[in-house]
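J.: Let me give you the structure first, and then I'll get to my questions.
Nothing in this text is a laboratory measurement; each read-out follows from the coordinates by a stated rule. Please read all numbers here as calculations on a predicted model, not as lab measurements. Neighbour counts are summed over all protein chains in view; Cβ atoms, including those assigned to glycine, are modelled from backbone coordinates with ideal geometry.
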Amino acid sequence: MLRRLGVLDWIRIGLLALGLLFVATGLLPLPDAAESLAEIGPLLVFLVGIIVLAELTKEAQVFDAIAARVAVLGRGNYVALFLLCTAFASFITIFLNLDTTAVLLTPVMLALASRARIAALPLAMTTIWFANTASLLLPVSNLTNLLAMDEIGLSPLEFAARMWAPQLVSIVVTMAFLWAFFWRRGERRELRYTPPVLQPVGDRVLFGAASAACLLFIVALLARVEVGVAAVAAALVVVVAFAVRDRARLTWGLVPWQLLVFVTGLFLVVPTLSRYGLADLMNWLLGTDRDPYRTAAVGAGLSNVINNLPAYKAVEEVIPPGDRGQLFALLVGTNVGPVITPWASLATLLWFESCRRHGLRVPMRRFLLTGAGLAVVGLVTTTWALVTFG
């Protein structure tokens, strides 16, 4: 098992070990550690539920079927395919979390590229950019949103009412950058593509159960059911279906232990650092006027330096309780901004690993430069939409 651990796994384990060391040495008092871990309890429940749901939905071939039909609906027209892929990636990110898009949709898109003889890079970039920039609308769309819910104190629908305009703007800006740098004919070098031949799903019962579970999850969110409860309930539906039809697929590998270890370690390390000078640095970066554009820029900059989860947590520590405007500006920065460096978000790290396993070489210089352009333009326009309409 130790030989199977990758570099990212050791980083996650090291982060947890460091957090436990802080608690053991008293650098983080035990009551503070217990309070921090109690805060993430519902988040960890949600993570397990949504990842199990997404993994088994993929095994039931739901994502493969949708992706293939998306390509068929495009009828060989790249503009139509581009619009359909945009809608598909955005929908998965908004309702099933950005990590689901990065982990499960990326292999589907790369397989689709091979079957339809489409250049793989445009599809892959569509997946990862929308995994980040389409994660503003609902609390479940991004872990940072879930972290903010206790402080923001709004229901999912009220949250969406504040974020619909920023989300729309960020999607439109992302579409513009994708078309200009990856999808236009000068980049793809082809006029049309060949739609793939549709193939029947392996087990219609599992396909139907997984589809129904995903719909159940979405309906539960709209009905204001707590996100952890909704995710677990939907996951149980598909787990029961697999227990009856294909029990061999139900393994411990479905449990996202890497995410659990990373988030737990994060919530021990960041509070410790905040006690010993990190909070002062964050206050200096935000300034005294607490301008929303500056807050978003700080969140984006830190995300590309240290990853968006610790960046969000570090800045949130110094935002006054009840200051929803600044929290929403921070979410814009930590959701839309992490598109420059490969480690800016967990989704991006997972996406790079998936591309590597499928033999897709991502030009790093192009990734960095186009991501920087998207981050700057997306951050300014999305923050403007938040200030104007949110």
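J.: Arg290's amide H: which non-local residues (gap 5+, or another chain) put their own amide H closer than 5 Å, with H modeled 1.01 Å from N in plane and none for Pro or chain starts?
T.: none
J.: With axes computed from alpha carbons, what is the tilt in degrees of helix 106-116 against the longest principal axis of the chain, rounded to the nearest 10 within 0 to 90?
T.: Taking Cα atoms only, the helix is inclined about 20 degrees.
J.: Let me ask another. For region 255-269, what does the Karplus curve 6.51 cos²θ - 1.76 cosθ + 1.60, with θ = phi - 60°, yield as ³J(HN,Hα) per residue in whole Hz, taken in order and with x for Gly and Pro?
T.: Couplings: 6, x, 4, 4, 5, 4, 5, 5, 5, 4, x, 4, 7, 9, 6 Hz.
J.: What is the gain in length, in nm to one decimal, between Ile306 and Ile11 on full extension, counting 0.36 nm per residue of separation less the C-alpha to C-alpha distance?
T.: Values: separation 295, 0.36 × 295 = 106.20 nm, distance 1.26 nm.
Result for the pair: 104.9 nm of gain on full extension.
J.: May I pose another question? Residues of region 296-322 with amide nitrogen under 19 Å from the 7 Å Cα-to-Cβ point of Asp280?
T.: Residues 314-319 fall inside that zone.
J.: Compute log10 of I(q)/I(0) for the chain with the Debye formula, placing one identical point scatterer on every Cα and leaving out solvent, at q = 0.13, 0.14 Å⁻¹, to two decimals.
T.: Taken in order of the listed q values, log10 I(q)/I(0) reads -1.10, -1.28.
J.: For region 58-150, take N as its residue count and report Rg(C-alpha) divided by 2.2 N^0.38 Å. Don't skip to the end; give the middle numbers.
T.: On the way: Rg = 13.3 Å, N = 93, 2.2 N^0.38 = 12.3 Å.
Here the answer is 1.08, to two decimals.
J.: Relative to the longest principal axis of the chain, what angle (0 to 90°, nearest 10) does the C-alpha long axis of helix 7-24 take?
T.: 20
J.: If you fit an axis through the alpha-carbon atoms of helix 364-389 and take the longest principal axis of the Cα set of the chain, what angle between them do you get, 0 to 90°, nearest 10?
T.: The helix 364-389 is inclined about 70 degrees to the chain.
J.: Further, regarding this structure: Got a sec? Charge dipole of the chain, +1 on Cβ for Lys and Arg, -1 for Asp and Glu; which of Ala24, Pro196, Thr106 is way out at the positive end?
T.: Pro196
J.: Mind checking the full-extension length gain between Arg204 and Leu157? Use 0.36 nm per residue of separation minus the Cα-Cα distance, one decimal, nm. List each step's numbers first, then the result.
T.: On the way: separation 47, 0.36 × 47 = 16.92 nm, distance 3.32 nm.
13.6 nm is the gain from fully extending Arg204 to Leu157.
J.: Taking Cα pairs under 8 Å and at least six residues apart, what relative contact order does the chain come out at, in percent? Working shown, then result.
T.: Numbers: 580 pairs, mean separation 98.1, N = 390.
Averaging sequence separation for qualifying contacts and normalising by length gives 25 percent for the chain.
J.: How far apart, in nm, are the 7 Å Cα→Cβ label points at Ala248 and Tyr293?
T.: Between Ala248 and Tyr293, the simple spin-label model gives 6.0 nm.
J.: Mind giving me the nanometre distance, one decimal, between the label points for Ala223 and Ala34, set 7 Å out from Cα along Cα→Cβ?
T.: In this crude label model, Ala223 to Ala34 measures out at 3.6 nm.
J.: Expressed in nm to one decimal, what extension gain is obtained for the pair Ala180 and Leu73 from 0.36 nm per residue of sequence separation less their Cα-Cα distance? Could you put the intermediate results ahead of the total?
T.: Values: separation 107, 0.36 × 107 = 38.52 nm, distance 2.27 nm.
Taking Ala180 through Leu73 to full extension adds about 36.2 nm, to one decimal.
J.: If each of Val172 and Arg365 carries a label point 7 Å out from its Cα toward its Cβ, how far apart are those two points in nm?
T.: 3.4
J.: Do the sum for the chain: with -39,500 (n - 2.57) for every DSSP H run of n ≥ 4, divided by all residues, what is the mean residue ellipticity at 222 nm, to the nearest 500 deg cm²/dmol? If you can, show how the numbers build up before the last one.
T.: Details: 18 runs with 280 residues, N = 390.
Using -39500 (n - 2.57) per qualifying helix, the result is -23500 deg cm²/dmol.
J.: Moving on to the next point. Over region 91-153, calculate the relative contact order: mean separation of alpha carbon pairs under 8 Å at least 6 apart, over the residue count, as a percent.
T.: Working: 67 pairs, mean separation 25.3, N = 63.
Relative contact order here is 40 percent.
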